[in-house]
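Derivation of every value follows stated rules applied to the coordinates shown; laboratory data play no part. Remember, predicted model here, so these are calculated numbers, not experimental data. In this analysis, Cβ positions are derived from the backbone assuming ideal geometry, glycine residues included, and neighbour counts consider all displayed protein chains.
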Number of protein chains: 2
Amino acid sequence: MLTLYQQQDSGNCYKVRLLLNHLGRPFQAVPVSSLDGSTRRPEFLAKNPIGKVPTIELEDGRFLAESNAILLHFAEGTRLLPADAYERAKAYEWLFFEQYVHEPAIAVRRALSVYPERRATASPERMAQLLDAGNRALAVLERRLEHTDWLAGNAFSVADISLYAYTHMAGEGGYDLGGFPAVGGWLERVAALPSHIPITA
Amino acid sequence: MLTLYQQQDSGNCYKVRLLLNHLGRPFQAVPVSSLDGSTRRPEFLAKNPIGKVPTIELEDGRFLAESNAILLHFAEGTRLLPADAYERAKAYEWLFFEQYVHEPAIAVRRALSVYPERRATASPERMAQLLDAGNRALAVLERRLEHTDWLAGNAFSVADISLYAYTHMAGEGGYDLGGFPAVGGWLERVAALPSHIPITA
């Protein structure tokens, strides 16, 4: 069986659980956290030298890291990765946008807002910059979702899974999703899918 | 023919030129730059609403952005993307590492070092943080390349193209590659490939 080394309330880890649930792939979850130092222990660094979660152990004992790389690996050949080459490339585009633009603002501001041990490290200037950068990322999503139901092509895909994770928690980081109605509608569509699970599951 | 909207000395744009050259795909390059404001003009935003380069226009007039998404799109079905599912997933892992960990340190510190209009915006603390983060990213590459010639699987791939771009210019950002001999050997292997081109080409 697949083993997912993960932190339950991390959006990056939630992406992987969400994907595996949509695909009906069973897995066991092993808690590891950057907050308690367990991602820096030798036994975890032997699995992933970068010491980050999510890290997944395949049935053959090999490991994969980077949430969006894990999504692409398991989505290959399934309905969650578009079959059309251009639509697949647009899914890649959203995944890189997520890691370069969206996550470093929205996930980081949320972490600085909800984890007491990190809150003290952020200056007001940094929090203001992250608010601005996150709102620009949300505006990119809004512009796309004003015209279509899903991010890549015409069906739910890994792009939606990846962007959903931290977008649906953006309020915890101080973002006001009320200003992004198309994003709000899309969040509801994702959450209404039959094989959807919440981050607590 | 393909049209690449690009800035010549951007590593992200260089990745795409390098890939297309390795694949023998002809393209025309159109200069656009964040430095002179041309990436924010309406005619460019109509091609890529995020206003970033590289942006590529396909033969059918559709557009793709995000350097690593462009790499994956054109590498599909070629020798530059591993055929083995696990090795391909490791290539994805390196591409996301590049955009999340490597580029935001090494490319950003280089930009802050070489572009006069950006240099004034960086505090000494930020420059020190970026030096430290970039050195950690280089150490990740070093650890991998101590054991293998290429980043994903046993052959040159999009992972090498993506990581080569800003690593080979790391010196411009103040990084000392002398401390990373395996990275140095890999840079030489990449540059010695028959269809390699320098960033100036």
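Among A:TYR164, A:TYR175, A:TYR100, which one moves the most in a GNM of chain A with springs linking Cα atoms closer than 10 Å?
Largest GNM mean-square fluctuation: A:TYR100.
Copy-to-copy spacing for B:HIS196, label 7 Å out on the Cα-to-C-beta vector, in nm, shortest first?
Its label point is 5.0 nm from the equivalent points in the other copies.
Using the count of nearby Cβ atoms within 10 Å as a rough guide to exposure, how do A:ARG40, B:ARG118 rank from fewest to most?
So the ranking, lowest neighbour count to highest, is A:ARG40, B:ARG118.
Amide H to amide H under 5 Å from A:GLN6: which residues, 5+ apart in sequence or cross-chain, H placed 1.01 Å off N in plane?
Correct list: A:VAL30, A:VAL32.
Scan chain B for the residue whose Cβ is closest to the axis carrying it onto chain A, then write down that distance in whole angstrom.
Measuring from each Cβ to the axis, the minimum is at B:GLN99, 3.
From the Cα trace of the protein assembly as shown, what convex hull volume per residue do you get, rounded to a whole Å³?
It is 143 Å³ per residue.
Which whole-Hz couplings ³J(HN,Hα) result when phi for each residue of segment A:186-201 is put into the Karplus expression 6.51 cos²θ - 1.76 cosθ + 1.60, θ = phi - 60°, listed in order with x for Gly and Pro?
Whole-Hz 3J(HN,Hα) from phi for segment A:186-201: 5, 4, 5, 4, 4, 5, 8, 5, x, 9, 6, 10, x, 5, 6, 8.
Counting helices only, and only those DSSP H runs with n ≥ 4, report the 222 nm mean residue ellipticity of the protein assembly as shown as the sum of -39,500 (n - 2.57) divided by its residues, in deg cm²/dmol to the nearest 500.
Mean residue ellipticity at 222 nm (helix-derived): -14000 deg cm²/dmol.
For A:ARG62, go 7 angstrom from Cα along the Cα-to-Cβ vector, then report the distances to that same point in the other copies in nm, smallest first.
Ordered by distance, the counterparts are at 3.0 nm.
Work through the residues other than A:MET169 whose Cβ is under 10 Å from its Cβ and net out their charges, Lys, Arg +1 and Asp, Glu -1.
Surrounding charge for A:MET169 is -1.
Take every DSSP beta bridge whose two residues both sit in chain B, then give the antiparallel share in percent to the nearest 5.
In chain B, DSSP labels about 55 percent of beta bridges as antiparallel.
In a shell of Cβ-Cβ distance under 12 Å around A:HIS22, excluding A:HIS22 itself, what net charge do Lys and Arg (+1) and Asp and Glu (-1) give?
Every neighbour counted, the sum reads +3.
Going down the list A:LYS15/B:LYS90; A:LYS52/B:LYS90; A:LYS52/B:LYS47; A:LYS47/A:LYS90, which pairs span over 25 Å between their C-alpha atoms?
Working: A:LYS15/B:LYS90 18 Å; A:LYS52/B:LYS90 15 Å; A:LYS52/B:LYS47 36 Å; A:LYS47/A:LYS90 31 Å.
Checking Cα-Cα distances, A:LYS52/B:LYS47; A:LYS47/A:LYS90 exceed 25 Å.
Could you derive backbone 3J(HN,Hα) for segment A:30-36 from the dihedral phi with the Karplus parameters 6.51, -1.76 and 1.60 (θ = phi - 60°), listing whole Hz in sequence and x where the residue is Gly or Pro?
Coupling constants for segment A:30-36: 10, x, 9, 9, 6, 6, 9 Hz.
For A:SER34, A:SER123, which order do you get if you count the other beta carbons within 10 Å of each Cβ and list the fewest first?
So the residues, fewest neighbours to most, are A:SER123, A:SER34.
Place a label point 7 angstrom from the Cα of A:ASP84 along the Cα-to-Cβ direction, then list the residues of segment A:142-174 whose backbone nitrogen is under 18 Å away.
Once the point is set 7 Å along Cα→Cβ of A:ASP84, A:144-160 turn out to lie under 18 Å by backbone N, inside segment A:142-174.
Return B:GLU66, A:GLU117 ranked ascending by Cβ neighbour count within 10 Å, so the fewest neighbours appear first.
The fewest-first ordering by Cβ neighbours comes to A:GLU117, B:GLU66.
Taking a label point 7 Å from Cα toward Cβ, how far is B:VAL114 from its twins in the other copies, in nm, shortest first?
Those separations, rounded to one decimal, come out as 4.0 nm.
With θ taken as phi - 60° and the coefficients 6.51, -1.76 and 1.60, list the Karplus ³J(HN,Hα) couplings across segment B:91-106 in order, rounded to whole Hz; mark glycine and proline as x.
Taking θ as phi minus 60°, the curve returns 5, 4, 4, 5, 5, 6, 4, 4, 7, 8, 10, 7, 4, x, 9, 6 Hz for segment B:91-106.
Taking each residue in B:86-95, count the Cβ atoms of any other chain within 10 Å of its Cβ, then average. What number comes out? Please list the in-between numbers first.
Values: counts 6, 0, 4, 12, 7, 2, 11, 11, 2, 8.
The mean count of partner-chain Cβ atoms within 10 Å per residue comes to 6.
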